[in-house]
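Since the structure comes first, as structure tokens, the remarks are kept for the end.
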Amino acid sequence: VLFRSADVDGRHVVAVVPVSCQVNLKALARAVGGKHAQMADPADAVRITGYIVGGISPLGQKRQLPTVIDDTAMLWDTVLVSAGKRGLDVELAPGDLVALTLAELADIAV
């Protein structure tokens, strides 16, 4: 699973998709009730999340951001997400990731 920071209609959101995929920005925008999404500027992502690029985690950010997890995460017993440093991951059940991030599930990967 891969975390991405995006901007939807001027507000930052978190997208979590399989590492082999990319975020479908149109689907992400729809999932959070927006019209247009783009990848967040890396400097903005660092400032907003408190993590360095390459180690940004969907968990424990400076403030809770709207989070969308690709629904294929639920096919697995566990998933890996960044743990706040480059090369450091945390393994957890996808249901726990959804609960901890207050995420919505949606088809957002291509």
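The values are calculated or read from the model by the stated rules, or taken from the named source; none is laboratory data. Computed from a prediction, not measured in an experiment: that's the story for all the values here. Note: ideal-geometry Cβ built from the backbone for every residue, glycine included; neighbour counts use all protein chains shown. Ligands, DNA and RNA are excluded from the accessible area calculation, which covers all protein heavy atoms including side chains. Shrake-Rupley method; radii C 1.70, N 1.55, O 1.52, S 1.80 Å.
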Please go through region 1-22 and pick out each residue that is open to solvent by 50 Å² or more (accessible area, probe 1.4 Å), farther than 15 Å from Thr72 by Cβ and either in contact with a Leu (Cβ under 8 Å, 6 or more places away or on another chain) or in contact (Cβ under 8 Å) with a residue 40 or more places away in the chain (or both). Arg11
Some residue of region 56-66 being in contact with a Leu (Cβ under 9 Å, 6 or more places away or on another chain), within 18 Å of Arg11 (Cα to Cα) and surrounded by fewer than 15 Cβ atoms within 10 Å (Cβ to Cβ): yes
Residues located in region 42-67, provided they are under 12 Å from the mean Cα position of the chain (by Cα) and farther than 17 Å from Lys85 by Cα: Gln64, Leu65, Pro66, Thr67
Mind checking which residues of region 89-104 are open to solvent by less than 80 Å² (accessible area, probe 1.4 Å) and either in a strand (DSSP E or B) or among the hydrophobic types (A, V, I, L, M, F, W, C) (or both)? Val90, Leu92, Ala93, Leu97, Val98, Ala99, Ala103
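Looking for whichever is open to solvent by 70 Å² or more (accessible area, probe 1.4 Å) and either of a type in the set (Val, Ile, Thr) or under 12 Å from the mean Cα position of the chain (by Cα) (or both) here; the options are Met74, Met39. Which one fits? Let's see the steps before the verdict.
Details: Met74 fails: either of a type in the set (Val, Ile, Thr) or under 12 Å from the mean Cα position of the chain (by Cα) (or both).
Result: Met39 is the single residue among Met74, Met39 that is open to solvent by 70 Å² or more (accessible area, probe 1.4 Å) and either of a type in the set (Val, Ile, Thr) or under 12 Å from the mean Cα position of the chain (by Cα) (or both).
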For residues that are without any contact (Cβ under 8 Å) to a residue 24 or more places away in the chain and β-branched (Val, Ile, Thr), tally how many sit in region 29-64. 2
Matching residues, region 77-88, being farther than 19 Å from Ala45 by Cβ and either open to solvent by 40 Å² or more (accessible area, probe 1.4 Å) or among the charged types (D, E, K, R) (or both): Asp77, Thr78, Leu80
With the structure loaded, tell me whether Gly60 is within 20 Å of Ala93 (Cβ to Cβ) and of a type in the set (Gly, Ala, Ser) or whether it fails that test. yes
Of the criteria (1) within 23 Å of Asn24 (Cα to Cα); (2) open to solvent by 40 Å² or more (accessible area, probe 1.4 Å); (3) within 13 Å of the chain's Cα centre (by Cα), which one Ile108 fails: (2)
Spot the failing condition for Leu25; the list is (1) in contact (Cβ under 8 Å) with a residue 40 or more places away in the chain; (2) open to solvent by 30 Å² or more (accessible area, probe 1.4 Å); (3) over 16 Å from Leu102 (Cα atoms), and only one is missed. (1)
